[in-house]
Amino acid sequence: VALSHPVRLIVNALGPPPSDVVELAHDRGVKVGALIGSGRHVEAQLRRNVDLLVAQGTEAGGHTGEVATMVLVPEVVRAVAGRVPVLAAGGIGSGRQMLAALALGAAGVWTGTMWLTSKEAESHIDPVTRQNLLAARSTDTVRSKSMSGKPMRQLRNAWTDAWDGPDSPGCLPAPLQGIVHHAAIPRFRAARTADLCGYPAGQVIGQFGQPRTVAELMAALEGEFDDAGRQIVRTLSPSAR
Ligand SMILES: Cc1cc2nc3c(=O)[nH]c(=O)nc-3n(C[C@H](O)[C@H](O)[C@H](O)COP(=O)(O)O)c2cc1C
């Protein structure tokens, strides 16, 4: 399906991409990336000929591992040793965080959560869930198997608490838990049951309490990146202006 669109890049997660899919993409000039959550995932990915790696820390929204971006990115950069570019992901939503990712050795950044409360995203997310995203603080996410059967960072709510609590029968393995969740979620949304309307979201969600346009978010990233860079230059050489 992806290759029937004019795409330049396909990025795979939850394990190395199948070799035949990588070959198919490469035959059409499409680059292939892969998300990883540990330095020990590097070799298996490179054996499949991926063109870039995304080192995604545990702070990230969506399926994620246990290692924080601050520790993971240098670990992956060291293991890759220049063979492919490494992007940093997880906990990046400002120019300051972007600059920090470059300081950790990343060639660039990969973001998700920061776009969820954008004005452009409004029509894609039901109003109750959007309100939960806008109200969330950095402490309001949890890594839980209750949405898909695999650990996924998402808004913490009554659903995640119940499935992860002491009275839970335990989550089903993927994809079965996802089927349970998909069956339930439209009912929660229709009933506007706020404490059951969850969504994948990373810890940076706490930085995005006001709806902004994508253009405003991009301008803020650039401006903060420049400011933070100048501040670091001043720290390194106090005489520089
Ligand atoms: C709502 C949402 C859905 C996501 N779905 C996927 C997905 O289907 N496949 C994937 O590889 N990554 C997925 N991710 C992870 C992103 O690709 C990205 O690595 C992550 O959002 C970066 O961390 P951040 O959320 O702190 O910006 C998702 C993230 C969010 C917030």
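Figures for the structure shown
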read-out	value
Any strands (runs of 3 or more DSSP E) falling wholly within the stretch 45-138 and containing at least 3 residues that are modelled with pLDDT under 95	none
Residue check for Thr193: among the polar types (S, T, N, Q) and open to solvent by 40 Å² or more (accessible area, probe 1.4 Å)	yes
Residues of the stretch 1-11 that turn out to be open to solvent by less than 90 Å² (accessible area, probe 1.4 Å) and at pLDDT 95 or above, as a count	4
Residue among Ala81, Ala103, Ala158, Ala107 that alone is surrounded by fewer than 21 Cβ atoms within 10 Å (Cβ to Cβ), at positive phi and more than 13 Å from the ligand (Cβ to nearest atom)	Ala81
Filter result (more than 21 Å from Ala60 (Cα to Cα) and part of a loop (DSSP other than H, G, I, E, B)) within the stretch 1-37	Val1, His5, Pro6, Val7, Arg8, Pro18, Arg28, Gly29, Val30
Of residues in the stretch 201-212 being open to solvent by less than 40 Å² (accessible area, probe 1.4 Å) and not in a helix (DSSP H, G or I), the one farthest from the ligand (Cβ to nearest atom)	Gly209
Ser148 being within 22 Å of Thr64 (Cα to Cα), under 19 Å from the mean Cα position of the chain (by Cα) and within 12 Å of the ligand (Cβ to nearest atom)	yes
Selection from the stretch 59-78 of residues that are within 12 Å of the ligand (Cβ to nearest atom) and either open to solvent by 20 Å² or more (accessible area, probe 1.4 Å) or of a type in the set (D, E, K, R) (or both)	Glu59, Gly61, His63, Gly65, Ala68
Subset of the stretch 88-100 [open to solvent by 30 Å² or more (accessible area, probe 1.4 Å) and either under 17 Å from Thr64 (Cβ atoms) or small (Gly, Ala, Ser) (or both)]	Gln97, Ala100
Gly178 vs. criteria surrounded by 14 or more Cβ atoms within 10 Å (Cβ to Cβ) and touching a Ser or Thr at 6+ places or on another chain (Cβ under 9 Å)	yes
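The values are calculated or read from the model by the stated rules, or taken from the named source; none is laboratory data. Keep in mind the model is a prediction, meaning the values are calculated, not measured. Neighbour counts run over all protein chains shown; Cβ positions are idealised from the backbone, glycine included. All accessible areas refer to the heavy atoms of the entire protein, side chains included, with ligands and DNA or RNA removed. Shrake-Rupley method; radii C 1.70, N 1.55, O 1.52, S 1.80 Å.
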